[in-house]
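As structure tokens, the structure follows; a few thoughts come after it.
Rule-based calculations on the coordinates, nothing more; no lab input. The shown structure was predicted, so the numbers you read here are calculated from the model rather than taken from an experiment. FYI the Cβ positions are ideal-geometry reconstructions off the backbone, even for glycines, and counts take in every protein chain you see.
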Amino acid sequence: MGAEAGTQLLERFIEFVITPAMLLVFGAGFFLFVWGLVQFLWGLNEGANRSEGISHMVWGIAGMLIMVSVQGIIMLLSGTFSLGIGADGSYNPDMSRVESSLFQSP
């Protein structure tokens, strides 16, 4: 029962903490990029200094690249250690290694 509880805990942690946090940070990076683009384009019209818009676009792209890299590292670790974490953040454990009378035919 202890291994099953640990598996459920890991599954819920991934589903309710890791995946939403990654989506939130990626969304913030995308929003920052779009806001920087708007500032840059607005600065073109007014002839003002566009460096703040460029800075926001660069940081937005950097944030999105970091989150894509984190997702890649998670997928690499999942594949290496057979954790069963899908690309969408879902958790599908490998039950073939479980030796229990519940999973064996009589």
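Computed 3J(HN,Hα) for the stretch 24-38, one whole-Hz value per residue from the Karplus formula 6.51 cos²θ - 1.76 cosθ + 1.60 where θ = phi - 60°, is 5, 5, 5, x, 5, x, 5, 4, 5, 4, 5, 4, x, 5, 4, glycine and proline marked x. Spin-label model, VAL34 to SER51: label points 7 Å out along the Cα-to-beta-carbon direction sit 2.8 nm apart.
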